[in-house]
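A quick write-up on the structure given underneath.
The values are calculated or read from the model by the stated rules, or taken from the named source; none is laboratory data. None of the values given here were measured: they were computed from a predicted structure. Note that we place each Cβ from the backbone using ideal geometry, even for glycine, and neighbour counts take in every protein chain shown. These area figures cover heavy atoms from the full protein model, side chains too; ligands, DNA and RNA do not enter into them. Shrake-Rupley method; radii C 1.70, N 1.55, O 1.52, S 1.80 Å.
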Amino acid sequence: MGRLGGFARGAPFTGCRLLPREADLATEIQVKTAPTSWLTSLAILSGLAVTARSAGAQTSCQGSSGPDVMAGDIQQVANYNASGGLEALSLGTTSCNLGTVWVNWIANTNQHPVISGNLYRFKVVDGAGRFEQVGLSWPKHTFFALSGTVCCTSCSADFTGAHLGVGCSDVNSAMSNGTQGEMGPRYQVDAYTGVFTYPPPHPSGGNTGRLEVSISDLEPSNPSGTRYFGECQYVAADDAAAGHQNNNASYRELALAGSGTSWNFTLTGSTQRETQAIRAWPIADPGVSERDIQIPSEGLLILACKTTQLGGGQHHYEYAVHNMNSDLGVGSFSLPVPSWVGVTNIGFHDVTYRGGDGVGGIDQDGTDWLATRTGGTLTWASRTFAQDPNANAIRWGTTYNFRFDANTPPTTGTITIGTFKDGGSVQTTADMPSGPPGTSFCPGDGSLPTACPCGNSGGSGRGCANSQNASGAVLTSGGSVSPDTVVLTSSGELPGSLSIFVQGALQNPGGIVFGDGVRCVTGPLKRLYVKSASGGVAIAPGSGDPSITSRSAALGDPISPGSTRHYQTYYRDANPGFCPDPPGNTFNISSGQIVVW
């Protein structure tokens, strides 16, 4: 079975039945398809009828100088038949002029707004929330402004349709916004200045240009699980010239039902006016923080991020960068990650351009950004503008994601976002991995007053050399002290060697010879854990073990906040001929860690 008129089966539009805002939608359907000779009289009638009705929730009107257009309502969804593994929809919008001057709505010129549509999905993956853009449309060029009062209580109308009057609203049905013959590519639009090429090339064939989304990105929505959000953004030159380009986007939650190749989006909740969809993430996922980044004399970027504690000393770091209206775009994202921090599961997510939406009618590149970690910095980057003007930059109206897991808790640091077209950068602060909970001490590298027993100094910062590793064993720490998720890792031991993790309340700064190594941990010693080194690496506590503080308390040494403990790992080295001075020793010891709890 197909879908009537492009709307989903069961949607509130069949035949002549009208959706919510029925006076506005009826007028829009009549006026925007009527012969030119009827436009003025229909506009007058619609303006009188709509102005007379009771308005809904009101927005601050005439609060800004000059023209000020924004998406006042997302009032309709049109669903189209899936094709080629892609579902498609379009969103109906009602624009409002909140300013003190008419907004140009002039046909056959570039002095009118364009409307873009975006689709976002919130989903929890492996215990951490993700807010990703999964679809975008070509902008729709809109003509002939109506004179409703969806946002404001009064409307100073221009009944010629060439301007959206002060306090007035104009409606576009979902089908109208999905009309391919009125669309143009995004790359021709500068969302910061509002300037665009006119007339544009139009998409053609199938659902090209509509808000397409891969069927693989769809699953039924659930208020406590996967959720979807539609966003619409208006761009207009006179609005931008008045400095009002940052309030043009609004979002509304969508419900999704279906399976296979048959899916239906419907509206739920209410339109969140003058609010970008990225701001729905902290509502769906408490604990998300946001940063607005205004590029000087250019566009607005929004960084949203969240750190999720996964357990076992692991933390997931999730970032989303939204480009509201920067024409420069974003070409790189970087943050400091200390070299000793263990990083895994590095990821990236973008959104796909389709139908020839790129310079020269070629799709903008979809190559994933390469992630590199050098010099204590983790960086994702696209190809540069000089290398390819169609490189996969974060362009206006899009959001890209960056993510990884790390074995240290968050601290606040500086994020650097590189701008694409000019090679510049802007900075803000956000969560990023902190250093380890412990600091290194007691190296067997020859720097202590006590030398390794038979000249077997190890590598810098490591324990004395052993029979299979000339660098010696090093003890590192990860996790956090509050709550206690600290994990100690001794690496560089012999494979399969028996390893004992010891704790002391005091230290001997000069060290003493201990087997084939040098021990600095002293005071009453506690044997916390006994492990076997797998591949020369021993880790404690392991799965199912009590935390260090719990284990210490059970051994009669409760650890109070602010107190200090010292740790080393001694391990078996059964080669008696490796270090015969003193003779008969068959064990060695790692460097140490000092942890302030």
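Starting from residues that are in a loop (DSSP other than H, G, I, E, B) and hydrophobic (A, V, I, L, M, F, W, C), keep the ones in region 176-222 and report whichever is nearest to residue 398 (Cα to Cα). First the steps, then the outcome.
Residues of region 176-222 that are in a loop (DSSP other than H, G, I, E, B), as a first pass: 178-179, 184-185, 190-195, 197-210, 218-222.
Filter again for hydrophobic (A, V, I, L, M, F, W, C), leaving 191, 195, 218.
Numbers: 191: 12, 195: 18, 218: 19 Å.
Filtering first and then ranking leaves 191.
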Take the conditions touching a helix residue (DSSP H, G or I) at 6+ places or on another chain (Cβ under 6 Å) and surrounded by fewer than 24 Cβ atoms within 10 Å (Cβ to Cβ) and apply them to residue 200. Does it pass? yes
Filtering region 527-570 down to residues that are touching a Ser or Thr at 6+ places or on another chain (Cβ under 6 Å), part of a strand (DSSP E or B) and open to solvent by less than 70 Å² (accessible area, probe 1.4 Å) yields 531, 537, 538, 568, 569
Filter region 309-333 down to residues that are in contact with a strand residue (DSSP E or B) (Cβ under 6 Å, 6 or more places away or on another chain), modelled with pLDDT of 95 or more and open to solvent by 20 Å² or more (accessible area, probe 1.4 Å) and give me whichever is nearest to residue 193 (Cα to Cα). 328
So which residues in region 390-410 are over 20 Å from residue 380 (Cβ atoms) and free of Cβ contacts under 8 Å to residues at least 60 places away in the same chain, if there are any at all? none
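Among the residues that make up region 485-493, is at least one of them more than 30 Å from residue 562 (Cα to Cα), in contact with a Gly (Cβ under 7 Å, 6 or more places away or on another chain) and surrounded by 17 or more Cβ atoms within 10 Å (Cβ to Cβ)?
Of region 485-493, the ones more than 30 Å from residue 562 (Cα to Cα) are 492-493.
With in contact with a Gly (Cβ under 7 Å, 6 or more places away or on another chain) added as a condition, the list becomes 492-493.
With the extra rule that they be surrounded by 17 or more Cβ atoms within 10 Å (Cβ to Cβ), the set shrinks to 492-493.
For region 485-493, residues more than 30 Å from residue 562 (Cα to Cα), in contact with a Gly (Cβ under 7 Å, 6 or more places away or on another chain) and surrounded by 17 or more Cβ atoms within 10 Å (Cβ to Cβ): present.
Would you check which residues across region 386-404 are among the aliphatic types (A, V, I, L, M) and more than 30 Å from residue 314 (Cα to Cα) and list them?
Within region 386-404, the subset among the aliphatic types (A, V, I, L, M) is 386, 391, 393-394.
Once the filter is applied, which keeps residues that are among the aliphatic types (A, V, I, L, M) and more than 30 Å from residue 314 (Cα to Cα), region 386-404 yields 386, 391, 393.
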Taking region 381-406 as the region of interest, how many residues are open to solvent by 10 Å² or more (accessible area, probe 1.4 Å), closer than 18 Å to residue 119 by Cα and not in a loop (DSSP other than H, G, I, E, B)? 0
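Please tell me if residue 171 is outside any strand (DSSP E or B) and crowded, with 24+ Cβ neighbours inside 10 Å. Walk me through how you get there before you give the answer.
Details: outside any strand (DSSP E or B): no; crowded, with 24+ Cβ neighbours inside 10 Å: yes.
So residue 171 does not fit the description; no.
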Those residues of region 464-476 which are open to solvent by 10 Å² or more (accessible area, probe 1.4 Å), within 41 Å of the chain's Cα centre (by Cα) and in contact (Cβ under 8 Å) with a residue 40 or more places away in the chain, in sequence order: 474, 476
Residue pairs within 7 Å by beta carbon, gap of at least six or interchain, first lying in region 333-362 and on the phi > 0 side of the Ramachandran plot and part of a helix (DSSP H, G or I), second at pLDDT 95 or above and open to solvent by 10 Å² or more (accessible area, probe 1.4 Å), listed first then second, are 361/201
Please go through (1) touching a Lys or Arg at 6+ places or on another chain (Cβ under 8 Å); (2) buried (at least 19 other Cβ atoms within 10 Å of the Cβ) for residue 277 and return the number of the only condition it doesn't satisfy. (1)
Unique residue being over 17 Å from residue 104 (Cα atoms) and modelled with pLDDT of 95 or more when the list is 169, 176: 176
Give 144, 131 a once-over and let me know the one that is in contact with a Leu (Cβ under 7 Å, 6 or more places away or on another chain) and either part of a loop (DSSP other than H, G, I, E, B) or over 26 Å from residue 361 (Cα atoms) (or both). 144
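If we keep just the residues of region 418-438 that are buried (at least 22 other Cβ atoms within 10 Å of the Cβ) and among the hydrophobic types (A, V, I, L, M, F, W, C), which is farthest from residue 281 (Cα to Cα)? If you could, list the steps in order and put the result at the bottom.
Taking region 418-438 and keeping what is buried (at least 22 other Cβ atoms within 10 Å of the Cβ), we get 418-420, 432-433, 436-438.
With among the hydrophobic types (A, V, I, L, M, F, W, C) added as a condition, the list becomes 420, 432.
On the way: 420: 25, 432: 19 Å.
Selected residue: 420.
Which of the residues spanning region 550-597 are among the acidic types (Asp, Glu) and farther than 30 Å from residue 470 by Cβ?
Scanning region 550-597 gives a single hit, 557.
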